[in-house]
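One structure is given here, and the rest of the page talks about it.
The values are calculated or read from the model by the stated rules, or taken from the named source; none is laboratory data. A quick note: this is a predicted structure, and the numbers were derived from the prediction, not measured. We place every Cβ from the backbone using ideal geometry, glycine too, and count neighbours over all the protein chains shown.
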Amino acid sequence: MRKEYLQLATVSIWGLLAFSFTLSPALISISFILLSVIGLLQLNLKDFTKFEAVLSALFVLYFLSSAVSFLYSENTDEASRKLILKLPILCFPLVFNALRKTESKHFPSLVLIGLYAMYLPAVVSVYNYISNKTLFDQLILESKPLPIEFGYGIYHIQFSILLALSVVLGVFILLHRKAWNLSAFNKTFIGVISLLNFVFIHILSARTGLLALYVGLLMILLPALIKMPLRSKIISVVAGLLLPIVILSLSSSLRNRLSNTAADFEVAWSGKDANDYSFAMRVQAWKNAIQVIKKNPIIGVGIGDADKELQENFALMNSSITAANRKNPHFQFLETATQSGIVSACIFLLILLYSLFGKSNKNSLLASIALLLFLASCFESILERQASVVAYSAFIAIALAYGSRENKKDLAL
């Protein structure tokens with residue numbers, strides 16, 4: 001009875017977490033802490049497989065490597081803030097344990113909740129875009145994001161990553177629908193909401209989320225495609241190619257984003273003035289971060305001093321970039337290396353590589369989400385904002401808990 005109550009509590013708190021991503025930073029913290037407590041109450045390290053134990057240890061090691069850089073940070077207030085922000089990484093083993101102790105029958109509910117929690121802010125934001133279409137189309141051409149109009153106003157790239165993760169989860173459970181014993185209603189609901197979220201992410205047109213989505217979907221669909229009969233393969237490939245083309249033809253926001261991207265890349269390639277060009281400014285930020293890293297490659301400049309060092313070096317390196325456009329790297333590997341050194345950055349990279357190529361490489365859900373997050377981390381510092389650092393830990397945890405063929409029944413199509 002106690003076990004069943006804990007499982008129902010896990011599902012309920014996961015729901016609170018999913019909705020809190022766009023509603024309240026305080027609720028994000030509360031729900032993640034509650035999931036960690038449930039995991040702690042059921043913790044028995046002997047239950048972990050070797051793969052699960054190694055991956056959990058890497059998460060803890062990454063947090064500790066960041067914590068060490070607190071010791072040589074001059075700005076201890078900023079260092080404390082960033083360490084608190086990264087606490088979900090330390091709590092990964094506990095959240096994973098809470099999810100792995102939850103029976104497989106609850107997984108469809110977790111997916112349904114996640115899909116709907118992302119659908120609501122997406123549909124509201126798309127409605128807001130349509131209501132102000134002329135203005136927002138022009139903003140897109142100027143490298144400006146479409147706002148997410150829901151709750152406290154989540155950063156658009158963070159939301160696009162969450163939307164991509166929800167679609168991947170939805171597709172995963174539909175591919176393995178027989179193993180999860182989905183009802184007709186659940187199959188229809190998951191299919192419709194996954195499709196709508198897929199469409200919405202194109203209309204909202206955050207490039208990082210779109211790139212991560214397609215890579216994640218490719219990783220999860222490829223094994224299924226290989227098993228299909230030839231006729232089904234042809235139909236699936238044609239449908240997969242036609243769907244984004246249809247969306248592109250219907251979505252002026254996506255067309256404008258692609259037009260802006262082409263201009264952005266041309267500026268970055270030619271070395272023209274990068275101000276107000278999103279990708280070109282990122283390239284300058286990467287160069288700036290590499291210079292700072294070269295000065296302190298092993299231990300970094302300190303987790304509390306990285307922002308200050310990056311801004312000071314930016315002023316010396318490239319004064320043509322205006323102060324308002326002197327951004328941090330938007331690349332988690334470079335961000336971590338600046339803060340805590342190359343060793344810490346390599347641990348971060350190892351978490352994603354181990355998830356992809358470790359012993360559990362049969363886990364297509366884990367591999368898909370790990371690759372999705374890896375691509376996202378190349379264009380966004382996903383561990384420097386609350387929503388994305390929690391999503392990083394929570395979604396790898398759910399993929400590890402429910403995607404493994406070794407620990408769950410065979411998820412045959």
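Check residue 238 against each of (1) surrounded by fewer than 22 Cβ atoms within 10 Å (Cβ to Cβ); (2) touching a helix residue (DSSP H, G or I) at 6+ places or on another chain (Cβ under 9 Å) and name the one condition it does not meet.
(2)
So, of the residues in the stretch 64-116 that are of a type in the set (Phe, Trp, Tyr) and touching a Leu at 6+ places or on another chain (Cβ under 7 Å), which turns out to be surrounded by the fewest Cβ atoms within 10 Å (Cβ to Cβ)?
Here is the first cut: in the stretch 64-116, the ones of a type in the set (Phe, Trp, Tyr) are 70, 72, 92, 96, 107, 116.
Next, from what is left, pick out any that are touching a Leu at 6+ places or on another chain (Cβ under 7 Å): 70, 96.
Values: 70: 18, 96: 26.
Here the residue is 70.
Has the stretch 164-174 got at least one residue that is of a type in the set (Ser, Thr, Tyr) and in contact with a Ser or Thr (Cβ under 6 Å, 6 or more places away or on another chain)?
Filtering the stretch 164-174 down to residues of a type in the set (Ser, Thr, Tyr) leaves 166.
Those left that are additionally in contact with a Ser or Thr (Cβ under 6 Å, 6 or more places away or on another chain): none.
Checking the stretch 164-174: not a single residue is of a type in the set (Ser, Thr, Tyr) and in contact with a Ser or Thr (Cβ under 6 Å, 6 or more places away or on another chain).
Can you name the helices (runs of 4 or more DSSP H) wholly within the stretch 14-129 that have at least 2 residues being closer than 29 Å to residue 2 by Cα? Walk me through how you get there before you give the answer.
Details: elements: 25-41, 50-68, 76-85, 87-90, 92-100.
So the answer is 25-41, 50-68, 87-90, 92-100.
Would you please name the residue that is nearest to residue 256 (Cα to Cα), looking only at residues in the stretch 192-234 that are out of contact with any Ser or Thr (no Cβ under 9 Å at 6 or more places or on another chain) and either in contact (Cβ under 8 Å) with a residue 60 or more places away in the chain or crowded, with 17+ Cβ neighbours inside 10 Å (or both)? Don't jump to the end; show me each part of the working.
Taking the stretch 192-234 first, the residues out of contact with any Ser or Thr (no Cβ under 9 Å at 6 or more places or on another chain) are 192, 195-196, 198, 211, 214, 226-227, 229-234.
With the extra rule that they be either in contact (Cβ under 8 Å) with a residue 60 or more places away in the chain or crowded, with 17+ Cβ neighbours inside 10 Å (or both), the set shrinks to 196, 198, 211, 227.
Values: 196: 21, 198: 18, 211: 16, 227: 37 Å.
Across the stretch 192-234, the extreme among qualifying residues is 211.
This table checks each residue for (1) modelled with pLDDT under 90; (2) crowded, with 24+ Cβ neighbours inside 10 Å; (3) hydrophobic (A, V, I, L, M, F, W, C).
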residue	(1), (2), (3)
324	yes, no, yes
328	yes, no, no
341	no, no, no
362	yes, no, no
370	no, yes, yes
376	no, yes, yes
392	no, yes, no
400	no, yes, yes
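Return the residues of the stretch 130-146 that are buried (at least 16 other Cβ atoms within 10 Å of the Cβ), part of a helix (DSSP H, G or I) and in contact (Cβ under 8 Å) with a residue 24 or more places away in the chain; say none if nothing qualifies.
Of the stretch 130-146, the ones buried (at least 16 other Cβ atoms within 10 Å of the Cβ) are 136-137, 139-140, 143, 145-146.
Checking the rest, the ones that are also part of a helix (DSSP H, G or I) come to 136-137, 139-140.
Once the filter is applied, which keeps residues that are buried (at least 16 other Cβ atoms within 10 Å of the Cβ), part of a helix (DSSP H, G or I) and in contact (Cβ under 8 Å) with a residue 24 or more places away in the chain, the stretch 130-146 yields 136, 137, 140.
Taking the stretch 321-337, which residues are of a type outside the set (S, T, N, Q), part of a helix (DSSP H, G or I) and over 19 Å from residue 86 (Cβ atoms)? Give the derivation first.
First, pick out the residues of the stretch 321-337 that are of a type outside the set (S, T, N, Q): 321, 323-324, 326-327, 329-331, 333-335, 337.
Then drop every residue that is not part of a helix (DSSP H, G or I), which leaves 323-324, 333-335, 337.
Result: 323, 324.
When you scan the stretch 244-277, how many residues do you find that are under 18 Å from residue 145 (Cα atoms) and outside any helix (DSSP H, G or I)?
Summing the residues that are under 18 Å from residue 145 (Cα atoms) and outside any helix (DSSP H, G or I) in the stretch 244-277 gives 5.
Among 12, 56, which is free of Cβ contacts under 8 Å to residues at least 60 places away in the same chain, within 20 Å of residue 355 (Cβ to Cβ), of a type in the set (Ser, Thr, Tyr) and surrounded by fewer than 21 Cβ atoms within 10 Å (Cβ to Cβ)?
Numbers: 12 fails: within 20 Å of residue 355 (Cβ to Cβ).
Exactly one residue qualifies, and that residue is 56.
Quick one: in the stretch 15-40, which of the residues that are closer than 13 Å to residue 117 by Cβ and not aliphatic (A, V, I, L, M) is surrounded by the most Cβ atoms within 10 Å (Cβ to Cβ)? Full working, then the answer.
In the first step, residues of the stretch 15-40 are kept if they are closer than 13 Å to residue 117 by Cβ; the result is 15-24, 27-28, 31.
From what's left, not aliphatic (A, V, I, L, M): 15, 19-22, 24, 31.
Details: 15: 18, 19: 22, 20: 23, 21: 28, 22: 25, 24: 15, 31: 23.
Of everything passing the filter in the stretch 15-40, 21 is surrounded by the most Cβ atoms within 10 Å (Cβ to Cβ).
Are any residues in the stretch 294-320 surrounded by 23 or more Cβ atoms within 10 Å (Cβ to Cβ) and in a helix (DSSP H, G or I), and if so, which ones? Reasoning before the result, please.
Applying the first criterion (surrounded by 23 or more Cβ atoms within 10 Å (Cβ to Cβ)) to the stretch 294-320 yields 300-303, 306, 310, 314.
306, 310, 314 - these are the residues of the stretch 294-320 that are surrounded by 23 or more Cβ atoms within 10 Å (Cβ to Cβ) and in a helix (DSSP H, G or I).
Just give me the residues in the stretch 264-278 being out of contact with any Ser or Thr (no Cβ under 7 Å at 6 or more places or on another chain) and surrounded by 15 or more Cβ atoms within 10 Å (Cβ to Cβ), in sequence order. Spell out the reasoning first.
First, pick out the residues of the stretch 264-278 that are out of contact with any Ser or Thr (no Cβ under 7 Å at 6 or more places or on another chain): 265-272, 274.
Those that are out of contact with any Ser or Thr (no Cβ under 7 Å at 6 or more places or on another chain) and surrounded by 15 or more Cβ atoms within 10 Å (Cβ to Cβ): 267, 268, 274.
Any residue in the stretch 169-190 that is under 20 Å from residue 382 (Cα atoms) and either under 17 Å from the mean Cα position of the chain (by Cα) or touching a residue at least 60 places away in the same chain (Cβ under 8 Å) (or both)? Working first, answer last.
First pass over the stretch 169-190, keeping only residues under 20 Å from residue 382 (Cα atoms): 169.
Restricting the remaining residues to those that are either under 17 Å from the mean Cα position of the chain (by Cα) or touching a residue at least 60 places away in the same chain (Cβ under 8 Å) (or both) gives 169.
Within the stretch 169-190, one or more residues are under 20 Å from residue 382 (Cα atoms) and either under 17 Å from the mean Cα position of the chain (by Cα) or touching a residue at least 60 places away in the same chain (Cβ under 8 Å) (or both).
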